[in-house]
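Participant: If you scroll down you'll find the structure; I have some questions about it.
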Amino acid sequence: MANCDETIAKLYEYLDRELSPAERREVEGHLALCPPCREHFRFEYNVLSLIGKRCRETAAPPELVARVRKMCERAPSDP
Ligand SMILES: [Zn+2]
């Protein structure tokens, strides 16, 4: 069975769905038996899903676009 270090090391690949089915089973098997790793997994999962949601909703916030545009206007094009 995989130990905690191995499971944590594979957690990001697991969340990115980059593991083979056998590796996924190993990670899932360890998470099922190890509450601390499960907690860690849940935390990372929540962070990733939060970021994913934000990215899907808006490519860039309007304030940021306006600020970048202003910066471009201010930048001297003809020194
Ligand atoms: Zn563990």
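Participant: Condition first: surrounded by 11 or more Cβ atoms within 10 Å (Cβ to Cβ) and within 14 Å of the ligand (Cβ to nearest atom). Now tell me which residues in segment 10-32 satisfy that.
Facilitator: Of segment 10-32, the ones surrounded by 11 or more Cβ atoms within 10 Å (Cβ to Cβ) are 10-15, 18-19, 23-31.
Within segment 10-32, 10, 11, 14, 26, 27, 28, 29, 30, 31 meet the criteria.
Participant: Report, ordered by the first and then the second residue, all pairs with beta carbons closer than 8 Å, sequence separation of six or more or different chains, a first member in segment 34-53 that is more than 16 Å from residue 5 (Cα to Cα), and a second member that is among the basic types (Lys, Arg) and part of a helix (DSSP H, G or I).
Facilitator: Short answer, once both residue conditions are applied: none.
Read-outs: derived from the displayed coordinates by stated rules, not from any lab. This is a predicted model, so every value here is computed, not measured. FYI the Cβ positions are ideal-geometry reconstructions off the backbone, even for glycines, and counts take in every protein chain you see.
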